[in-house]
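Novice: Encoded as structure tokens, here's the structure I'll be asking about.
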């Protein structure tokens, strides 16, 4: 080190020195976060490795964190001996239809509540807010009786209809539409656009981010829905994936590898959707929690 | 192009009245400016013509058609908003085409009109950009372009210059005047800026407190304000007002005593009310003169280059603003004598009604 270098090092401001020092608080927080992340991830990891083990290895004593031999027998069995193909189709069709209908109807409803002036607007919004407070479970008997009377049990419409009530999507859309300057609507009105055109050509495209975020969480919610599809679909041909995998357990007793394989297969599409649209999903969760994204 | 006629138009929100029995006739091709302070109802009136606000009473006609019950898109008018309201997800071309698509205009015709308007406004190079990629001035042009392509009977402009910086505002003002000369279409322009009103308008509609105070050419509004409000609102610096303490008559003209001075006006004394009066004179009609009617001391000098404004404390304690030449040699604290030009004098009665020099 040259003699000139000494005063230079002394001249380093305190702030820079603090930045270079070890951030103990940050380290502790990071460590805690990592521990919680591992704890959350471990069951998924355990399900995946169990699904690749042979049944004898699964029930063997001792902790085995990695299969001795990668075994896809459980997956083959599920694929060949259950109606998982149907369940996938049922889940895909019902979830996609629920998503599409919820998004379109909620956007329309929210636009009307936010932008149009009609008698009873406030009362309707209060009713929607009230619906938000009532959990699905509280209405499930009514839904079941209604669907039975309509003879819609064990049909796609029977699975779909009660799941179309998603007030949070209306509330989030309304908040967004409220925040859009009214001049955009008025400019479109001057441009001879009607309410539907204003909604679908101006308001929704102005922020596809919100629509895509809401669509993703609606899709994930519909895919993961268990209670209502479990009641509405009693025949194997109309079951969705989460309901269908209960049949794996019932038909074969407790065969852990197969059970885990079916769970992995059920969760895989949602995991893929989440990984592809991670940022949007986070945004949607924050929006629906009332926090601006 | 068509005349726009408003007859006894009123508007209220519940019990709150915002416009009361407003009537006016806007001639085809006129540049009309609605001028007034915030909350006077000028924007509401414009929005009622546009169809964005319901008319509670009265009627609006554009040409032969009664339009006050028609939706905005069917009135044949186009509007430029204060914040432009360009659709952010559409390109400039799409923004300009949207209105024409909605009324089923042929694709080739849309292209022709958009290209022609873009050429006229010199925004051809911007047609494929989105609003976020444009400057404030460019957005302004696009907003005007969006209105032009519809070939409307009238343009409605709601404070379109207020979001621009000072120099761009002046430039755009000139361009707007040139555009009006070229298009010869009726334009209704809302502003609270009197310079915009004076420079752009064929006629100014001065509004205050839910009513029209005066409709006239810029010079009429400036020289012969219909009321004390108009006299105070139009003109910068504002007109000087002084209470009249005595009123006499000389050769049929009113002679008033005010500010401790006697002033012979050119206002006919016949017809003046007997009650309380206020004398008014604009700073440009109150000049430095050796033996003027008013005497006082200069408190403040504002040098504007081409003219000098003198804030003078009169002997009776009232403060007036007078004008002197740009190269005025006067200094703060100096005594000064002022003379009012008889032709530039005004009197206002207790109700604010104005009486002018002939």
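The values are calculated or read from the model by the stated rules, or taken from the named source; none is laboratory data. Predicted model, so just to flag it, every value in this text is computed and none were measured. Neighbour counts run over all protein chains shown; Cβ positions are idealised from the backbone, glycine included.
Every residue, every condition in (1) outside the structural domain of residue B:266 (by TED's automatic domain parsing); (2) in contact (Cβ under 8 Å) with a residue 60 or more places away in the chain; (3) closer than 28 Å to residue B:308 by Cβ, yes or no:
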{"residue": "B:183", "(1), (2), (3)": "yes, no, no"}
{"residue": "B:189", "(1), (2), (3)": "yes, yes, no"}
{"residue": "B:192", "(1), (2), (3)": "yes, yes, yes"}
{"residue": "B:196", "(1), (2), (3)": "yes, yes, yes"}
{"residue": "B:209", "(1), (2), (3)": "yes, yes, no"}
{"residue": "B:217", "(1), (2), (3)": "yes, no, no"}
{"residue": "B:223", "(1), (2), (3)": "yes, yes, yes"}
{"residue": "B:228", "(1), (2), (3)": "yes, yes, yes"}
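Novice: Now for a different question. I need the full set of residues from the stretch B:96-105 which are more than 9 Å from chain A (Cβ to nearest Cβ) and either within 11 Å of residue B:150 (Cβ to Cβ) or modelled with pLDDT of 95 or more (or both), in order please.
Specialist: B:96, B:97, B:105, listed by residue number.
Novice: From B:53, B:8, which residue is surrounded by fewer than 21 Cβ atoms within 10 Å (Cβ to Cβ) and part of a loop (DSSP other than H, G, I, E, B)?
Specialist: Only one candidate passes the filter, namely B:53.
Novice: Would you mention how many residues in the stretch B:269-325 are in contact with a strand residue (DSSP E or B) (Cβ under 9 Å, 6 or more places away or on another chain), closer than 27 Å to residue B:350 by Cβ, free of Cβ contacts under 8 Å to residues at least 40 places away in the same chain and surrounded by fewer than 19 Cβ atoms within 10 Å (Cβ to Cβ)?
Specialist: Counting residues in the stretch B:269-325 that are in contact with a strand residue (DSSP E or B) (Cβ under 9 Å, 6 or more places away or on another chain), closer than 27 Å to residue B:350 by Cβ, free of Cβ contacts under 8 Å to residues at least 40 places away in the same chain and surrounded by fewer than 19 Cβ atoms within 10 Å (Cβ to Cβ) gives 5.
Novice: Provide a single number: the residues in the stretch B:30-44 that are more than 29 Å from residue A:199 (Cβ to Cβ) and either at the interface with chain A (Cβ under 8 Å from one of its Cβ atoms) or buried (at least 16 other Cβ atoms within 10 Å of the Cβ) (or both). Give the derivation first.
Specialist: From the stretch B:30-44, those more than 29 Å from residue A:199 (Cβ to Cβ) are B:30-42; that's our starting set.
Now narrow it down to the ones that are either at the interface with chain A (Cβ under 8 Å from one of its Cβ atoms) or buried (at least 16 other Cβ atoms within 10 Å of the Cβ) (or both): B:30-36, B:40-42.
Residues in the stretch B:30-44 being more than 29 Å from residue A:199 (Cβ to Cβ) and either at the interface with chain A (Cβ under 8 Å from one of its Cβ atoms) or buried (at least 16 other Cβ atoms within 10 Å of the Cβ) (or both): 10 in total.
Novice: For residue B:182, which of the numbered conditions (1) surrounded by fewer than 22 Cβ atoms within 10 Å (Cβ to Cβ); (2) within 14 Å of the chain's Cα centre (by Cα) fails to hold?
Specialist: That leaves (2) as the condition not met.
Novice: Further question on the same structure: Of everything in the stretch B:83-95, what is in contact with a helix residue (DSSP H, G or I) (Cβ under 7 Å, 6 or more places away or on another chain) and either in a strand (DSSP E or B) or more than 10 Å from chain A (Cβ to nearest Cβ) (or both)? Give them in sequence order.
Specialist: B:92, B:93
Novice: Something else: Does the stretch B:75-82 include one or more residues that are surrounded by fewer than 19 Cβ atoms within 10 Å (Cβ to Cβ) and in a helix (DSSP H, G or I)?
Specialist: Narrowing the stretch B:75-82 to residues surrounded by fewer than 19 Cβ atoms within 10 Å (Cβ to Cβ): B:76, B:82.
Those still in the list that are in a helix (DSSP H, G or I) too: none.
Taking every residue of the stretch B:75-82 in turn, none turns out to be surrounded by fewer than 19 Cβ atoms within 10 Å (Cβ to Cβ) and in a helix (DSSP H, G or I).
Residue by residue, here is whether (1) within 14 Å of another protein chain (Cβ to nearest Cβ); (2) exposed (fewer than 14 other Cβ atoms within 10 Å of the Cβ); (3) in contact with a helix residue (DSSP H, G or I) (Cβ under 6 Å, 6 or more places away or on another chain); (4) part of a helix (DSSP H, G or I) holds:
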| residue | (1), (2), (3), (4) |
| --- | --- |
| A:97 | no, no, yes, yes |
| A:119 | no, yes, no, no |
| A:126 | no, yes, no, yes |
| A:170 | no, no, yes, yes |
| A:186 | yes, no, no, yes |
| A:192 | yes, no, yes, no |
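Novice: Can you tell me which condition residue B:58 does not meet? The list is (1) assigned to a loop (DSSP other than H, G, I, E, B); (2) without any contact (Cβ under 8 Å) to a residue 60 or more places away in the chain, and all the others hold.
Specialist: Here residue B:58 clears every test but (1).
Novice: Check the stretch B:113-126 and report whether any residue there is under 17 Å from residue A:187 (Cα atoms), crowded, with 23+ Cβ neighbours inside 10 Å, in contact with a helix residue (DSSP H, G or I) (Cβ under 7 Å, 6 or more places away or on another chain) and within 14 Å of chain A (Cβ to nearest Cβ). I'd like the intermediate steps shown before the answer.
Specialist: Step one: of the stretch B:113-126, the residues under 17 Å from residue A:187 (Cα atoms) are none.
No, the stretch B:113-126 has no match at all.
Novice: Checking the structure you have, find out if any residue of the stretch B:69-80 is away from chain A (no Cβ under 13 Å) and modelled with pLDDT of 95 or more.
Specialist: no
Novice: Can I ask one more? Answer with yes or no whether residue B:137 is part of a helix (DSSP H, G or I), in contact (Cβ under 8 Å) with a residue 24 or more places away in the chain and either touching a strand residue (DSSP E or B) at 6+ places or on another chain (Cβ under 8 Å) or within 14 Å of another protein chain (Cβ to nearest Cβ) (or both).
Specialist: no
Novice: Against the definition (surrounded by 15 or more Cβ atoms within 10 Å (Cβ to Cβ) and either within 18 Å of residue A:102 (Cα to Cα) or not assigned by TED's automatic domain parsing to the domain that holds residue A:235 (or both)), how does residue A:159 come out, yes or no?
Specialist: Criteria met by residue A:159.
Novice: For the stretch A:172-184, which residues satisfy the criterion of being facing another protein chain (nearest Cβ under 8 Å) and part of a helix (DSSP H, G or I)?
Specialist: Once the filter is applied, which keeps residues that are facing another protein chain (nearest Cβ under 8 Å) and part of a helix (DSSP H, G or I), the stretch A:172-184 yields A:183, A:184.
Novice: Residue A:76 is checked against (1) in contact (Cβ under 8 Å) with a residue 60 or more places away in the chain; (2) in a helix (DSSP H, G or I) and fails just one. What number does that condition carry?
Specialist: Of (1) in contact (Cβ under 8 Å) with a residue 60 or more places away in the chain; (2) in a helix (DSSP H, G or I), only one is false for residue A:76: (1).
Novice: Identify all residues within the stretch B:226-258 that are farther than 15 Å from residue B:283 by Cα and assigned to a loop (DSSP other than H, G, I, E, B); write none if there are none. Don't jump to the end; show me each part of the working.
Specialist: The initial filter retains those residues of the stretch B:226-258 that are farther than 15 Å from residue B:283 by Cα, namely B:226-230, B:243-258.
Residues satisfying the conditions are B:226, B:251, B:252.
Novice: Given the conditions (1) surrounded by 15 or more Cβ atoms within 10 Å (Cβ to Cβ); (2) assigned to a helix (DSSP H, G or I), which single one is not true for residue A:154?
Specialist: Here residue A:154 clears every test but (2).
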